[in-house]
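The values are calculated or read from the model by the stated rules, or taken from the named source; none is laboratory data. Small disclaimer: the values here were computed from a predicted structure and weren't measured. Ideal geometry is used to build each Cβ from the backbone, glycine not excepted, and the neighbour counts take in all protein chains shown. To get the accessible areas, we keep the full protein, side chains included, count just its heavy atoms, and leave off ligands, DNA and RNA. Shrake-Rupley method; radii C 1.70, N 1.55, O 1.52, S 1.80 Å.
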Amino acid sequence: MAVAKNERELIVTVSPHIRDEETVSRIMWTVSLSLLPALVMAVYFFGPRALYVTALSIIGSLFSEWFVEKITNREFTVRDGSAFLTGLLFAMTLPATVPFYIPLIGSFVAVAITKQLFGGIGYNIFNPALMGRAFVLITWPRAMTSWIVPTAAFVGLDAKTTATPLSLLKEEGMHKLIEVFGDKMNLYTDLFIGHRAGSLGETSVIALLIGAGFLLHKRYITWHIPLSFLTTVAVFAWIFGGKEGFFTGDPTLHLLSGGLIIGAFFMATDYVTCPSVKSGQILFGIGCGLLTILIRLKSGYPEGVMFAILLMNCFTPLIERNLKSKVFGARKEAMQ
Amino acid sequence: MNHLQQEKVSYWGLIKNGIFKENTIFRLVISLCPSIAVTNSVRNGFLLGVAVLFVQTMVNSTVALLRNFIHPRIRLPIFMLIISGWVTVVDLLMQAYARAAYKEMGLYIEIIVAFASILARAEMFASKNKVGAAFFDGLGSGLGFLVALVLISFFRELLGRGSLWGFQIVHTKPMLIMLMPTGGFLVVGLLMGFFNWIDINFYGGKGAGGAGGH
Amino acid sequence: MHDEFIKLFELFIAASVINNFVFTRFLGLCIFFGVSKKMETAVGMSITFTSVMVVSAALSWILLTYIMIPLDLTFLKIVIFIGIVAAFVQASDTIMRKISPGLYYKLGIYLALISTNCIIIAVPLIMTTEKYNFIESLVFALGSGIGFAISLTIMASIREKLELADVPRPFRGMPIAWITTALIALAFTGFSGLITM
Amino acid sequence: MALLTFMGGVHPPDHKELSSGVSIKKASPPSRVLIQLSQHIGAPCKCTVQIGQEVKKGDLIGEPTGFVSAPVHTSVSGKVVALMDAPNAMGRMVPAVVIENNGKEEWTQLRDNPDYMKLPPEELKGKIKDAGIVGMGGATFPTHVKLSPPKEKPIDVVIINGAECEPYLTADHRLMVETPQDVIEGLKILMRVLGVKKGYVGIEANKPDAIEKMKEAASGIRDIEVSPLEVKYPQGAEKMLIKAITGRDVPAGGLPMDIGVVVQNVGTAVAIYEACRYGKPLIERVVTVTGLGIRNPGNVKARIGTPITELIEDRGGFADSPVKVVLGGPMMGFAQYTLDVPVTKGTSGVLVMSEKEYVPSGKFGHCIKCGRCVDACPMGLMPSMLSLFAERGFYEETKEYNLFDCFECGTCTYVCPSKRPIVQFIRLAKSLVKR
């Protein structure tokens, strides 16, 4: 047979011969980018210390990733951005006042124990950032629950430390909240803008929503988990949240406060630790919502988003096992 | 464990075997509950370890002593009876002489009765060997248990309270989590992994984390 | 009556979730780690375990109230309770083999494991200490059994998933199972303070 | 109106612009052809010629050896010079006949039959069978077999597959634009053979000119409908096409005929028309020669047996350094290690990928369970789990995740951000698992 003049060594691989441009590191860096508005707001409200805490926890998580991969002789994956993202997300869950060893140790727990010991990216069972936070919260409860007032201080309050809206609600009730924030509208606006005590990245709902909208637009996350999560929280807050009986709760307050928004859009949607089938995702979101409200209203903690997501992470393998994707075409056995 | 049933067994070898090669917690991974429950302080860990050591040794000796009189068909209930008898002795002794510690860990003392390790030793070794060997086998196994408990509680108390045996050692902020279940599970898991790592890297072992058992 | 019911419900929730035997009371760990490798065995164990637990709790309570306390024999509780469990397990083993060989084939192997499980002996012991009445004892036993079943199935599903994971070699098998349990226990602390008994 | 489609799928950049505007050109006659005797799914043909024998265009050179088989004809007139084994597109060695072209282009006896539509269905089917027609979309299933459904499975719909969802390929597109009438005639024959009242032509919406031409050709025929489809890979897969157009689900492990549907490719329809009208056997087909590695990408009408080097020369040769040569489309086609392979009845395209288009596929990362493959899988499988099981060697477990429903369209591998060779893992599992 005639041989083409410029035939040379051809590469032979099996199909498909084209690949999508999406890569894991692009996903990770884009999600990190989408947290930028929240970080900016955190620095605006809590000052440069917010930046130090963030930097430390990112450094801590990058180091932990490198360290475990070094001693277990693995390929270094520091550049894929997943450790960076974990560090950033973890920082978002810390109060600005934490002593500097907390971001370092917490990010070590997050990356080294929760992620790398399980085999690295993709194999962790729990959301690393939240597990890091749960660890430091239980370990140093005092340091993790002393909040400072945003620089442009609360109306009528100029003390250095204060409580989060949710703990005010839990300990003193709605009337105290209104007293602190002026009136209900003020309360909602302050919560929406982020003018309140809380963790670095959870306070500014508007900044988080901008980031979340970006991710939704890029299709990095889908509506399934956030929507089912938020809806469940709103409905059950309305039913059980009121002091005067059923159906008197304030869903708006519950939606805007605590770490719900960052949890629903950035934490619960973590690919690795949520079910990958849509029906499972909705179930996961509902579970998160129920547990959040249960813990917020009944348990010893004022905020339940973190524990709710971690608890649902436990159930993710069970959900995935029982809710598989629906296969195309009726089963043959069923036809006969 | 066939190699243990040979005629010539050195007592020292039996003890070493119990502590290292067949360490109840780290190598065989059985009788785990107390490794978490009582190890939030070195003293409790030590006390329970001693209790187990005592029960194990006595059970082994009793079983070896009576081995020719026990009908094989009903041996397990008889062993259980012997074990629960000795556990009751320890239980009552501690109730009488160590009230404070008993209050904290009474339930776990009583639960020694359900320890698979004790029954396993009685069944696999003591019922087939002479009293002396059985005694030292029990001693070794009990010591291994004791060492493991003390090791775990060492880390937990040091990190969780900054103290050892109740004496304050360091004055940093303690890590409360180490006293909680999570800390216990974590310390055991990390220690197991660490021992496996040593085994793999320095002794060419397979890093068997134990098959697990009851 | 209404309050009574609420109290029983709370007891159930407390026993199953909040004071989950595995994650907060550190009991039943041997079985927990031993049979949580495959989902099938975990489910079989859960069923067998819960039923044995409820029945043996009932038997223990009757024996305790009508024989041991009147005769002042409570100091022998360890011997008696373990005797009850052993006897009951032996009996159900024999009965099951006769009546339903299929079920025996499925669940029989777990029966043998049960007598060395500390939860099964811990339930009557706790019952004695807390002075529960008959119904409460049953609810407590059922709650504990369900709680154990929950932890066992969660763990089994996670460990099946970990089979596919690239866990560093020294941590494969038991160590990572312990660390997983540590993290689950941490997540379960979220329930603390949910019901103050 | 929303376009018809199915659940899942992706839309890779299709690069059809390279060749979609280029009319079909007859390839220059090859000096010799290498005609493989196994160009279809089913039993290979038995050679009916000897070395040295003179043959005319359209002469039978391989006769079928079973029911699922199709005859093979020569595409040139000339002399048989060799009988040998040669690699096919999949790299397997198959028996082939080498014929030297004498340039006379002498046809064997052909009989024009303008009244072919009056022939009884059985006779039409016989003509299709004798012409050696197979599915020309790439699957190469003998067409007459598809047209012989068992009695208990009545057929009520025929669909002509003009989706051409594979990126780069434009052969069917050009056929529909240039000979829409032939496609419709082919469909009419199919409907007559099967006694079916309803015919569809499914075309992806990225070929508006083809849709328009086909609609024009079909206007006035009540029973034929042209259905624009959403642009999405693998829209042209039989099951997906049927779902999109009729809404029916082919049962898992079943065939389209189970739900009363027969699907034929555009090229096949044209071949059917030519066979019934002129008695012409399948000896040439339209091939898209494309890719950035080709100087003048375009569509050529090539004789079966033409070496692909000659097609490449025909389109101006290599433009850039070719890195990979693929027969078929980039999603399901086969990369070649030699350019000696000839055009067969199933060769829809020759894709020459240059350095720019080549995606190295070596290193891959962990599955991050992003669910992209689950969302994209047209069969509703969980490719992520399948690949994980296969990667760890748990082949038996893959059956629980419906391993054998996968038809290896490659969508999962395409979308995977970790660049995992998912479909490759699935193929591995398929070969190692007992059914």
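Of the trypsin sites (Lys or Arg not before Pro) found in the range A:1-99, those in coil by DSSP whose Cβ has at most 13 other Cβ atoms within 10 Å are A:LYS5, A:ARG8. Here C:SER192 sits with roughly 50 square angstrom of accessible surface, probe radius 1.4 Å.
The Cα center of the range D:80-115 and the Cα center of the range A:58-128 differ in position by 64 Å.
Based on protein heavy atoms only, chain B ends up with 45 Å² per residue of surface accessible to a 1.4 Å probe. Computed on protein heavy atoms with a 1.4 Å probe, the accessible areas place D:LYS151, A:LYS298 in the order D:LYS151, A:LYS298, largest first.
Averaged over its residues, the range D:115-278 has an accessible area of 34 Å² per residue, based on protein heavy atoms and a 1.4 Å probe. Which residue fluctuates most in the GNM of chain B (Cα springs below 10 Å): B:ASP91, B:ASP199, B:ASP137? Of B:ASP91, B:ASP199, B:ASP137, the most mobile in the Gaussian network model is B:ASP199.
For the range D:355-371, a decrease in accessible area of 10 Å² or greater in the assembled protein chains relative to the isolated chain, with a 1.4 Å probe, applies to D:TYR358, D:VAL359, D:SER361, D:LYS363, D:HIS366, D:CYS367, D:ILE368, D:LYS369, D:CYS370, D:GLY371. Evaluated over chain B, the count of Lys pairs having alpha-carbon atoms less than 16 Å apart is 4 (only pairs 8 or more residues apart or interchain). Taking the helices alone, chain A has a mean residue ellipticity at 222 nm of -17000 deg cm²/dmol, built from -39,500 (n - 2.57) per DSSP H run of at least 4 residues and averaged over all its residues. Between chain B and chain C, roughly 3400 Å² of accessible surface gets buried, counting both sides and using a 1.4 Å probe. Each part gets one Cα centre, and for the range B:14-32 versus the range A:274-329 those centres are 39 Å apart.
Rounded to the nearest 500, the helix-only mean residue ellipticity at 222 nm of chain C stands at -23500 deg cm²/dmol, with each DSSP H run of n ≥ 4 adding -39,500 (n - 2.57). Here D:HIS173 sits with roughly 10 square angstrom of accessible surface, probe radius 1.4 Å.
Of the residues C:SER157, C:SER137, C:SER60, the one that moves most in a GNM of chain C with alpha-carbon contacts below 10 Å is C:SER157.
Contact residues in the range D:252-270 by the 40 Å² criterion (accessible area, 1.4 Å probe, full protein complex versus chain alone): D:ALA252. The residue list A:GLY241, A:PRO103, D:ALA86 was ranked by how far each Cα lies along the charge dipole of the protein assembly as shown toward its positive end, using unit charges on Cβ atoms, and D:ALA86 comes out on top. For chain D, averaging the sequence separation of C-alpha pairs within contact (under 8 Å, six or more residues apart) and dividing by the residue count gives a relative contact order of 19 percent. Taking all protein chains as shown and a probe of 1.4 angstrom, C:LYS7 keeps an accessible surface of around 110 Å². With a 1.4 angstrom probe, the accessible area lost at the D-A interface totals about 5300 Å². Within the accessible area of the range C:23-190, the carbon and sulfur atoms contribute 69%, probe 1.4 Å, all protein chains present.
At a probe radius of 1.4 angstrom, the accessible area of the range A:1-119 per residue rounds to 42 square angstrom. Only beta bridges with both residues in chain D are counted; by DSSP, about 60 percent of them are antiparallel. Computed on protein heavy atoms with a 1.4 Å probe, the accessible areas place C:THR94, A:THR316 in the order C:THR94, A:THR316, largest first. Measuring nothing but protein heavy atoms, the accessible surface of the range D:82-123 at 1.4 Å probe radius is 52 percent carbon and sulfur. Among the lysines of the range C:23-190, pairs that are 8 or more positions apart or on different chains and have alpha carbons within less than 28 Å of each other number 8.
Largest accessible area first, the residues D:MET385, B:MET58 order themselves as B:MET58, D:MET385 under a 1.4 Å probe with ligands, DNA and RNA left out. What aspartates and glutamates does C:LYS7 reach when the alpha-carbon gap must be under 13 Å and sequence neighbours fewer than 8 apart in one chain are set aside? Within reach: C:GLU136.
A simple charge model with +1 on the Cβ of Lys and Arg, -1 on the Cβ of Asp and Glu and nothing else charged puts the dipole of the protein assembly as shown at about 1860 debye relative to its Cα centre.
Surface burial for A against C, with a 1.4 Å probe and both sides summed, reaches about 2600 Å² of accessible area.
Close Lys pairs in the range D:1-120 (alpha-carbon distance under 18 Å; sequence gap of 8 or more, or different chains): 8. Helix-only arithmetic for chain D: the sum of -39500 (n - 2.57) across DSSP H runs with n ≥ 4, divided by the residue total, places the mean residue ellipticity at 222 nm at -7000 deg cm²/dmol. The distance from the alpha carbon centre of the range D:333-408 to that of the range D:55-70 is 34 Å, rounded to a whole number. Nonpolar atom fraction for the range A:162-207, defined as the carbon and sulfur part of the 1.4 Å probe accessible area, stands at 60 percent.
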